[in-house]
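Heads up: the structure comes next, in structure tokens.
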Amino acid sequence: MRDLGIPVKGVSWARLHPGRTADGRASLLASMSQSHEGLFVLDIDLATGRCRQLAAQDRVHSTFSAASFRSLLTGRLYIVSGWDGHLHGYDANRPERGLEDLGRVTPAPGDIAPLGINEGPDGALWIGTYPGASLTKYDPATGRFTGFGPQDPVDNYLYPLAGDDGSLAGIVKFGRPHLLVFNPATGERREVGPAVTDPTDPAQFLKFFKGDDRRLYLDSHAGKFRVDGLNLTPVEALPAPLAGIHATYRHAYQAPAEMPGGWTAHFLDDHINGTGTPRRVLLVNRDPLVPSRELHLDWVGAGSNLHVLGVGPDGDLYGSSYMPNRIFRARLGAGAAAPLEDLGEHTFAGGEAYSLTTLGGKVYLGSYPESRLSVYDPARPIRFGNGPGDNPRDLGRLDAIGFRPNVLLATPDGRLWMGSSPDYGLYGGPLAWYDPATGAKQSHRQVVADLSPASGLYLPELRQIFLGLSIEPGTGMPIKQNLHGAFALWDPAADALAWSGDLGLEHLADVTSLAPAGDGCVYALIGRGDHILTAGAPEIGPRLALIDPARRTVLASAWLPADYGPLSWHGYHSLRVGPGGAVYGATGYCVFRLRPGTCEVERVWQLDQPQPRPGTVWLNASSPNVIDVVGPIVGDQFYFATGWRLRALTLP
């Protein structure tokens, strides 16, 4: 096994935090997240753009920051981190203290990602978490956390805001978005105002924010309201959002606040919600006679986790990274060094690509969020956008439901087929197709009720698409405990379901990967990834099945040996065809080969499995050797990713 390098060194959740120091000088900070070496803060020199880069104390687990806030009272910057659920602070007046770890937000081990943070008039911070939807108060004067526990029995997301009049409220998402108001002294809560009863209805909406009068407001399909203590008061007009305050219906900050001297700061190259490699900052003065200035930030990235790998039409290896979602290429013909190229943005979906395929000499990718389709032509110059002449080009959504596109495949008629899990708050993912030649597209809401496509394979013998289905719901929704996975056959010519069922496999888990087994048969890898288990699904060990789709029968089935270890964090794309048509598979720590015509397996490569740190999820256990992403087999080289590193294993 050999390392090929780190293809992408980008960041996510990049935000600028303007403010002032204790002596009244303008101060500009930035916070950024990254997979490798953890989140960090930049203290930016406004004259030169040079940065003092301050890393989190725990560079392994404090990686992902969905919320950050610079105090309007003290100028101190606060950041919450996932997937370890900690609060961090940086004081520009005392830079020698670095980025301090202020402790875990809640004692609940499942609350791994604080998502909302805001400041009350007394300087107290109010923090909402995922997946527990818990509310916590932090007192900067004492360093004490006071937990008020989960705030909703079903939904998992809580975004609190505190008004300067003493009001405290939070919006709960995503199954039934609604507003809660709180008594800050006791934590007493009650629901007020309208709720979204159908997340698929675009006419229903809630927009909760802090206005420039520093009070709390709700804009909704049922009217406009101000939060007054434990009540809502109808208003005729809404104020503008407070500059620099994170609104709960947007991930990005509102318009940047003004610093002393009349300066505001804006990212110039922050195209996709704070992800990518943002280095250019424009300083603009309120005085039109004062010229604007551009700064170049000199921060250093360490590595972005990879998320999907595949072979392009030119024989090179292509893939994308995880927040930021950037396409990269490894030139396989260049020898062992395999030069790596970060090709930049390929979509307006800032999360990550879940699937990749080739068609007509081009690379197509399906990305989260919104299951956006994008295309890259290796034969043309790079200029990202969504216009006909752009490359890569964002082609947009195929429907309004899909969010995580686990399946992307091509059929001989020249169409692309995408199968996705649904948007937040929903059950049952769609199957959609797109014709690159005409731009035509069509989507089917669900293949099987409440299930989502997780794997797919075109069967030339049947001229049908064989689908593996998962119980995965939209993020934030609890698993329906009576559900099991399924198989399905879809007829592309009729554009209709031909058959679905469980093939007699009891307690069928999620069908995460499919591979051709020869003679019209198919291998299926069936198991449960971390994302399904953390949503409440019962654990079912991984197993293999050899299936004859034409006869709709299982020819053989066997559980994987227990010491092969768990699936990688989702298990998708884990079966791959190797030399001579042999089928290989991978779990998080093991590569195995199947004996043709059977479900008997032979271990090819395995490493010891570490135990995750308490309070973290498995994918962040941070073994140096875990197989996070299973890639293709080219010749005798099995390609995969370990976190941010691209690797290759020479098969025996």
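The values are calculated or read from the model by the stated rules, or taken from the named source; none is laboratory data. Fair warning: this is a prediction, and the values are worked out from it, not measured in the lab. Positions of Cβ are backbone-derived with ideal geometry, glycine not excepted, and every protein chain shown enters the neighbour counts.
Tell me the residue from R326, R280, R286 that is crowded, with 21+ Cβ neighbours inside 10 Å and of a type in the set (K, R), please.
When all the criteria are applied, what remains is R326.
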Cβ-Cβ under 7 Å, sequence separation 6+ or interchain: first residue in the stretch 494-513 and farther than 17 Å from A550 by Cα, partner of a type outside the set (F, W, Y) and exposed (fewer than 15 other Cβ atoms within 10 Å of the Cβ). Which pairs?
D495/Q442
I'm told F348 meets every condition in (1) on the phi < 0 side of the Ramachandran plot; (2) crowded, with 24+ Cβ neighbours inside 10 Å; (3) of a type outside the set (S, T, Y) except one. Can you identify the failing condition by its number?
(2)
Which one of S65, S33 is at pLDDT 95 or above and either within 23 Å of L268 (Cβ to Cβ) or not hydrophobic (A, V, I, L, M, F, W, C) (or both)?
S33
Tell me whether the stretch 545-552 contains one or more residues that are in contact with a strand residue (DSSP E or B) (Cβ under 6 Å, 6 or more places away or on another chain) and of a type in the set (K, R).
no
Residues of the stretch 289-316 that turn out to be under 30 Å from P260 (Cβ atoms) and surrounded by fewer than 17 Cβ atoms within 10 Å (Cβ to Cβ), as a count
9
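Results for (1) at pLDDT below 95; (2) aliphatic (A, V, I, L, M); (3) not assigned by TED's automatic domain parsing to the domain that holds H484, shown as yes or no for each residue.
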{"site": "E352", "(1), (2), (3)": "no, no, yes"}
{"site": "V363", "(1), (2), (3)": "no, yes, yes"}
{"site": "N391", "(1), (2), (3)": "no, no, yes"}
{"site": "L408", "(1), (2), (3)": "no, yes, no"}
{"site": "P412", "(1), (2), (3)": "no, no, no"}
When you go through D314, D342 one by one, which is the residue that is of a type in the set (D, E) and not in a loop (DSSP other than H, G, I, E, B)?
D342
(1) out of contact with any Ser or Thr (no Cβ under 9 Å at 6 or more places or on another chain); (2) surrounded by fewer than 18 Cβ atoms within 10 Å (Cβ to Cβ); (3) touching a residue at least 60 places away in the same chain (Cβ under 8 Å) all hold for N93 apart from (1)
Limited to the stretch 135-162, what total is found for residues that are over 24 Å from L102 (Cβ atoms) and crowded, with 20+ Cβ neighbours inside 10 Å?
2
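Considering only residues that are at negative phi and more than 25 Å from the chain's Cα centre (by Cα), which ones fall in the stretch 458-485?
Within the stretch 458-485, Y458, L459, P460, E461, L462, Q464, I465, F466, N482 qualify.
Conditions (1) in contact with a helix residue (DSSP H, G or I) (Cβ under 6 Å, 6 or more places away or on another chain); (2) among the basic types (K, R); (3) not in a loop (DSSP other than H, G, I, E, B), marked per residue:
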position: L180; (1), (2), (3): no, no, yes
position: A203; (1), (2), (3): no, no, no
position: D213; (1), (2), (3): no, no, no
position: R226; (1), (2), (3): no, yes, yes
position: L232; (1), (2), (3): no, no, yes
position: L238; (1), (2), (3): no, no, no
Having 2 or more residues that are buried (at least 21 other Cβ atoms within 10 Å of the Cβ) and either outside the structural domain of W559 (by TED's automatic domain parsing) or touching a strand residue (DSSP E or B) at 6+ places or on another chain (Cβ under 8 Å) (or both) is the bar; report the strands (runs of 3 or more DSSP E) wholly within the stretch 415-531 that clear it.
416-422, 431-434, 452-459, 464-470, 486-491, 510-518, 521-527
Looking at L46, L16, which is the one that is assigned to a strand (DSSP E or B), assigned by TED's automatic domain parsing to the domain that holds H296 and under 20 Å from R94 (Cα atoms)?
L16
Only one of these is over 25 Å from Y572 (Cβ atoms) and outside any loop (DSSP other than H, G, I, E, B): G333, G301. Name it.
G333
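Only one of A47, A26, A56 is in contact with a His (Cβ under 7 Å, 6 or more places away or on another chain) and either touching a residue at least 24 places away in the same chain (Cβ under 8 Å) or surrounded by fewer than 24 Cβ atoms within 10 Å (Cβ to Cβ) (or both); which?
Of the residues listed, the single one that is in contact with a His (Cβ under 7 Å, 6 or more places away or on another chain) and either touching a residue at least 24 places away in the same chain (Cβ under 8 Å) or surrounded by fewer than 24 Cβ atoms within 10 Å (Cβ to Cβ) (or both) is A56.
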Filter result for P121 (at pLDDT below 95, more than 27 Å from P202 (Cα to Cα) and of a type outside the set (D, E, K, R)):
no
For the stretch 359-376, which residues satisfy the criterion of being buried (at least 16 other Cβ atoms within 10 Å of the Cβ) and either among the small types (G, A, S) or over 20 Å from L467 (Cβ atoms) (or both)?
K362, V363, G366, S367, P369, E370, S371, R372, S374, V375, Y376
In the set A240, A255, which member is in contact (Cβ under 8 Å) with a residue 12 or more places away in the chain, over 30 Å from L646 (Cβ atoms) and over 25 Å from the mean Cα position of the chain (by Cα)?
A240
Regarding the stretch 301-308, can at least one residue be identified that is touching a Leu at 6+ places or on another chain (Cβ under 8 Å) and more than 30 Å from V60 (Cβ to Cβ)?
no
Identity of the residue in the stretch 106-134, crowded, with 21+ Cβ neighbours inside 10 Å and charged (D, E, K, R), that ends up farthest from A169 (Cα to Cα)
D111
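Give the stretch 16-29 a look and list any residue that's in contact with a Lys or Arg (Cβ under 9 Å, 6 or more places away or on another chain) and within 28 Å of H346 (Cα to Cα), or say none.
Residue satisfying the conditions is H17 alone.
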